[in-house]
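*Asks:* Sharing a structure below in structure tokens format, with a few things to ask.
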Amino acid sequence: MSTYAVIRVLVLLLVLVPLVSAALLPLFGRAARRVALWLALVYLGLTAAVAVIAIPTLDERARDTSQVRGDGSLQRWYPHFVPGDPAGRHGGEGADARTGWTLFNLSASPSADGRPGPKVQLFLGVDGLNLWLVALAAVMLPPAILVSWDSVKERPGAYYGWLFLLQTGVVGAFLSFDVILFYIFFELTLIPAFFLIGRWGVGSARRDAARKFFLYTLAGSLLTLLGVIGAVVTNPTPVHPTTGGRVNSAFVPVEVPASASGPARAEIVAAKAGPITFSLPDLMGNVQVWADAVPTARMMLTGSDRALSTARERAKPNPAEVRGLELQVESARRAVADAEAARTKLLDTQFWLFVALMAGFMVKVPVWPFHTWLPAAYGESPIGITVVLSALLSKLGAFGILRLVLPLVPDAALAYGLPAVGALAAFGIVYAAFCAYASRDVKMVIAYSSVSHLGFLVLGLFAFNKEGLTGAALHMVNHGLSTGALFAALAFLLDRYRTTETSKFGGLMGRFPTFAVLAFALCLASVGLPGFNNFVSEMMMMAGLFDARNPGVPRLGLAVVAAVGIFLSAWYTLTMMKRVFFNPLKEPEPAPAIPVKPGTPVPDVTRREFFAFGSLAGLCLLLGLLPQPIVDTMAPDVRVLANIGDAARARAGGVVYVSDEPPEPVLVAPLGPIEIKGPQGKDNPKGAGKGAPKDGKGAPKGKNKGGTKGPGAEE
């Protein structure tokens, strides 16, 4: 088996290992916690191996400027290490960035490999946006197990089995490049979370909290399913009206032979709707083709007018040629009129798709006022599950916006993202901050703090520019790490005192110096102190808001609200620290399970606890000092989204989009035969997408072995 094939197997194991572990752990009974910890460490090692192998590939793609994608090219995700990649058959080392593994086909006549069609595929892969979120999921799993070590005594095998099933859903959604597969994994997280909260919750209202979480999330997710299906159905593959071949333009020139109606000429004709596709990279391309119909038609009209003027200015004009070009100009004018009429319908469709898609993701993040399930769920969950909910499930909602909403409904995201969703997020930043200050339970302070910071993340996403998107993608990792670590640190108090009420504590700085130092570090990371991880991502999101050029958006006002949110974060966090760690010493009675002799102090941080949240504090410091490796691996995929956002701005302003920087390098020829010049006037000869120069091992020359051919490229 080749090296590249081994890497694809490792990516597949990222989903299969937690799934198999979830089935096996209930068989171990009382020993399940030790087995779960060993499995979590093995999974962490597996993820580290994938990351070590993937980073050089992603970095090379970011550095490669030898083949630059022109403005007329379509922007797509380019996943690496795809299990089932046809280029990897028979031990090959190449990569086509697509899969041949079909789960089920919705068509009676199966489509060939690489051809778009209504088939749901096991399309998994790694890129710069999901690599670090998968790493975050692997890093948070051992602490979630360690903080549950003493608190989960009833049916531990089932508890850890559900926890690993939750991990399967989260990681599977992060790795998915098929929209239906993404939704399946997205919904899978509901089931284990419901049972973990309702069965092992710590409060009397745990069943109500689990029910509320399930119903809220399910209702939003069903609307998201409608949005996913709508995006697929309304963006079919564009095909040539006569040959039926795939094209990358909404209008194509068709040769018309001489007849009674006129001489031989080229007519500008709209592309036909071909088969639908669930492949996310292909679907992104389809969306851009149909959205660019107006600039494409206008470009063709300009070219036809220029050709007609040239023909008329010749010394001896050819009457047949002039008449043919006149008819071509008339067809181009009709194409412009048709495209402008379709533009209004497209914007209306994108608006409703945007609303449907955002319904589930706003609940999952959550964005105010869809956050009301969160305080109950966080408060009633066992602390290990609260760690996972805060670190991973909320990022799943933000990742859905990044992966699906922005590329599939870009015009609606630009028009309504910051004005509507951004306004809700901005209000939620301030509202949740005051709720955190008013809370008298440390767990609720951190829970509302999470809502406030996630509102900032949503603003960064909908800024829809390079700075905002980079900051938001980085903040998913940073916020998950710092907030998950804060909840993990609360296990120290829960294990010893069974309470986190602020009024029952005081003076813990002198009582537990090691715990106090670690808690201080995590709180400073949460408020965005320079030198810690949140500072970097928050400043990048702030820069994105100041540079937001979205139409009709008071960008300065949103940036000011975000800055106020950072100040309020320091206010309520330091106030909580003052109440708990300073003032005269005050502590409740130790929990009965703590083996403390009368007159003997309760112990400080143990080795198990130090590994659980002390290691996370170290990672917060490390990412604050060295964020550049993560930013570099994200850069090409962030640039894809930023280019999509800039193209949407150009369409909204009625101008031709011209990129102000070199777009993402394309590692081989673009997808499929392009029949015409694109909206920006870049030529691509027919059949250019049928291959690229390859070395003996099947990888493009001059590229790494993982060089991608382009998702769904025709054979």
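Here, each number is a calculation from the coordinates, and none is a lab measurement. Fair warning: this is a prediction, and the values are worked out from it, not measured in the lab. Here Cβ is always computed from backbone atoms with ideal geometry, including for glycine, and neighbour counts include all displayed protein chains.
*Asks:* Amide H neighbours of ASP441 under 5 Å, counting only residues 5+ apart in sequence or on other chains, H built in-plane at 1.01 Å?
*Replies:* Sorted by chain and number, the residues that satisfy this are THR502.
*Asks:* Running Debye on segment 239-344 with equal point scatterers at the Cα sites and no solvent, what base-10 log of I(q)/I(0) appears at q = 0.11 Å⁻¹?
*Replies:* Calculated log10 I(q)/I(0) at the listed q: -0.40.
*Asks:* Can you give me the long-range amide H partners of VAL269? Hydrogens built in the peptide plane at 1.01 Å from N, cutoff under 5 Å, separation of 5 or more residues or another chain.
*Replies:* HN-HN under 5 Å from VAL269: VAL252, VAL254.
*Asks:* Run the numbers on segment 239-344 and let me know its relative contact order in percent, using alpha-carbon pairs under 8 Å that are six or more apart.
*Replies:* Numbers: 128 pairs, mean separation 32.6, N = 106.
After rounding, I find 31 percent.
*Asks:* May I ask you to compute the full-extension gain from LEU626 to ALA652, defined as 0.36 nm times their residue separation minus their alpha-carbon distance, rounded to one decimal in nm? Kindly include the intermediate steps, with their values, before the conclusion.
*Replies:* On the way: separation 26, 0.36 × 26 = 9.36 nm, distance 3.80 nm.
Stretched fully, the LEU626-ALA652 segment lengthens by 5.6 nm.
*Asks:* What number comes out for the charge environment of PHE505, summing +1 per Lys or Arg and -1 per Asp or Glu over other residues with Cβ under 10 Å away?
*Replies:* Numbers: positive: LYS504, ARG511, ARG579, LYS586; negative: GLU501, GLU587.
Counting the neighbours of PHE505, the net charge comes to +2.
*Asks:* Where Lys and Arg each count +1 and Asp and Glu each count -1, what net charge lies around ARG496 among other residues with Cβ under 13 Å from its Cβ?
*Replies:* -3
*Asks:* Tell me, what is the percent relative contact order of segment 121-269, built from C-alpha pairs under 8 Å that lie six or more residues apart? Let's see the in-between values first.
*Replies:* Working: 130 pairs, mean separation 23.3, N = 149.
In percent, rounded to a whole number, it is 16.
*Asks:* Short version: ³J(HN,Hα) in whole Hz for each residue of segment 155-172, in order, from phi by Karplus 6.51 cos²θ - 1.76 cosθ + 1.60 (θ = phi - 60°), x for Gly and Pro, what are they?
*Replies:* Coupling constants for segment 155-172: 6, x, x, 5, 4, 6, x, 5, 4, 6, 5, 4, 4, 4, x, 5, 5, x Hz.
*Asks:* Based on the Cα gyration tensor of segment 400-451, what are the three equivalent ellipsoid semi-axes, each the root of five times an eigenvalue, rounded to whole Å and given largest first? Walk me through the numbers on the way to the answer.
*Replies:* Working: eigenvalues 183, 31, 3 Å².
Semi-axes from the Cα gyration tensor: 30, 13, 4 Å.
*Asks:* Would you mind checking the radius of gyration and Dmax of segment 316-465 based on alpha-carbon positions, in Å?
*Replies:* 23.7, 90
*Asks:* While we're here: Using only Cα atoms, what is the ratio of the radius of gyration of segment 527-574 to 2.2 N^0.38 Å? Before the final figure, lay out each step's value.
*Replies:* Details: Rg = 11.9 Å, N = 48, 2.2 N^0.38 = 9.6 Å.
For segment 527-574, the normalised Cα radius of gyration is 1.24.
*Asks:* Report, in cubic angstrom per residue, the convex hull volume of the C-alpha atoms of segment 148-304.
*Replies:* On the way: hull volume 20.5 nm³, N = 157.
Dividing the Cα hull volume of segment 148-304 by its residue count gives 131 Å³.
*Asks:* Another question, if that's okay. Hey, got the Cα dimensions of segment 420-501 along the principal axes, in Å, largest first?
*Replies:* Ordered largest first, segment 420-501 gives principal extents of 47, 24, 12 Å.
*Asks:* Follow-up. Calculated FRET efficiency, THR242 and ARG323, Cβ-Cβ r, R0 25 Å, to nearest 0.05?
*Replies:* Working: r = 22 Å, r/R0 = 0.89.
Working from the Cβ atoms, E equals 0.65.
*Asks:* Quote the charge dipole size of segment 239-344 about the Cα centre in Debye, to the nearest 20; the model charges only the Cβ of Lys and Arg (+1) and of Asp and Glu (-1). Could the numbers behind the result be given before it?
*Replies:* Values: 12 positive and 11 negative charges, 41 e Å.
Rounded to the nearest 20 debye, it is 200 debye.
*Asks:* Moving on to the next point. Please check which bits of segment 416-442 a label hung off ALA570 would reach, taking the label as a point 7 Å along Cα-to-C-beta and the cut-off as backbone N under 20 Å.
*Replies:* Taking a point 7 Å out along Cα→Cβ of ALA570, the residues of segment 416-442 whose backbone N falls under 20 Å are 429-438.
*Asks:* Further question: Regarding segment 398-554, what are the three Cα extents along the principal axes, ordered largest first, in Å?
*Replies:* 55, 28, 25 Å, listed from the longest principal axis down.
*Asks:* Dividing the alpha-carbon radius of gyration of segment 306-396 by 2.2 N^0.38 Å (N being the number of residues), what value is obtained?
*Replies:* Segment 306-396 yields a ratio of 2.37.
*Asks:* How far is it, in nm, from the label point at GLU313 to the one at ALA205 when both lie 7 Å from their Cα along the line to the Cβ?
*Replies:* Label at GLU313, label at ALA205, 7.7 nm between them.
*Asks:* Same structure, new question: Going down the table (LYS395/LYS443; LYS272/LYS345; LYS153/LYS586; LYS212/LYS364; LYS345/LYS395; LYS395/LYS466), which pairs top 21 Å between alpha carbons? Mind showing how you got there, number by number?
*Replies:* Details: LYS395/LYS443 19 Å; LYS272/LYS345 17 Å; LYS153/LYS586 29 Å; LYS212/LYS364 13 Å; LYS345/LYS395 33 Å; LYS395/LYS466 19 Å.
Among LYS395/LYS443; LYS272/LYS345; LYS153/LYS586; LYS212/LYS364; LYS345/LYS395; LYS395/LYS466, the Cα-Cα distance tops 21 Å for LYS153/LYS586; LYS345/LYS395.
*Asks:* Considering only DSSP states other than H, G, I, E and B, which trypsin sites (Lys or Arg not before Pro) in segment 482-576 qualify as loop sites with at most 16 other Cβ atoms within 10 Å? Don't skip to the end; give the middle numbers.
*Replies:* Details: sites: ARG496, ARG498, LYS504, ARG511, ARG549, ARG555; in loops: ARG498, ARG549.
Here the trypsin sites (Lys or Arg not before Pro) that fit, given the DSSP loop and packing criteria, are ARG498, ARG549.
*Asks:* FRET efficiency for VAL602 and LYS578, Cβ-Cβ distance as r, R0 = 25 Å, nearest 0.05?
*Replies:* Working: r = 21 Å, r/R0 = 0.86.
Once the sixth-power term is evaluated, E becomes 0.70.
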